[in-house]
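What follows is a set of notes on a single structure, which appears directly below.
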Amino acid sequence: MNNNFKKMKWIYLWIALAAITLNSFCVPEIFDQRHALKKHKKAEDFKVTVFRQYPNNKCTSGYLAVNGNIICYTLEKPWIDNINNISSIPEGTYGGILRYDHSDHWRIELVGVPNRPNIQIHIGNVLDDTKGCILVGTALGPDLCSIKGGTSAPAYAKLKNAFYGTDNPTSTPDKNISVEIVGH
């Protein structure tokens, strides 16, 4: 029994020595690298601002900017007291999340819009294409209440590229999305 105790003592001593050696050479370096990544890696802000420039009783159109750079036009329903499916949404700043469950496989959904779930930014040309969401295009129609045909998908691609930084993303960057609606 005494002999077994001595053998176990040496085994424990060897394991402790190996752990100290490993800790001295490997673990701090790995810890420092991971700590540095966490310390310096902060989620980037992705701020979308919708500037409502042409409100009237038929529609609301304007511009959409990402981090201060205007990238496209917008089209929304007219302001009618935030009535579901009839009105544009209230002015304000909302959180944003990405949705991948529609046919276009990418949308920004606004979070925290009072009494209005599922408000999103997406493709569309006329007010019948939205129930209160924000449509985008690279050109407005002459009536300012439509998106010129063939320009919604390119504007949407510009918005998506602004988010990912590429036309062909392979991963989703860590970004804090906010959407500010300015004007009626």
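Spatial offset of region 39-70 relative to region 142-165 amounts to 13 Å, using the alpha carbon center of each. Other residues lying with their Cβ under 11 Å from the Cβ of Lys175 contribute a combined charge of -1, Lys and Arg counting +1, Asp and Glu -1. Net length available on complete extension from Ala43 to Val182 is 47.6 nm, with 0.36 nm assigned per residue and the Cα-Cα distance removed. A simple packing score, the average count of other Cβ atoms within 10 Å per residue, orders the peptides 125-131, 69-75 as 69-75, 125-131, with the highest score first.
Sum up the charges of everything whose Cβ sits under 13 Å from the Cβ of Ala155, counting Lys and Arg as +1 and Asp and Glu as -1, but leave Ala155 out. Neighbour charge sum, excluding Ala155 itself: +2.
Under the combined filter of DSSP loop state and at most 10 neighbouring Cβ atoms within 10 Å, region 54-158 retains none of its GluC sites (Glu not before Pro).
Where a number appears in this text, it was derived from the coordinates with a stated rule and is not lab data. Predicted model, so just to flag it, every value in this text is computed and none were measured. Virtual Cβ from ideal backbone geometry, glycine too; neighbours counted across all protein chains shown.
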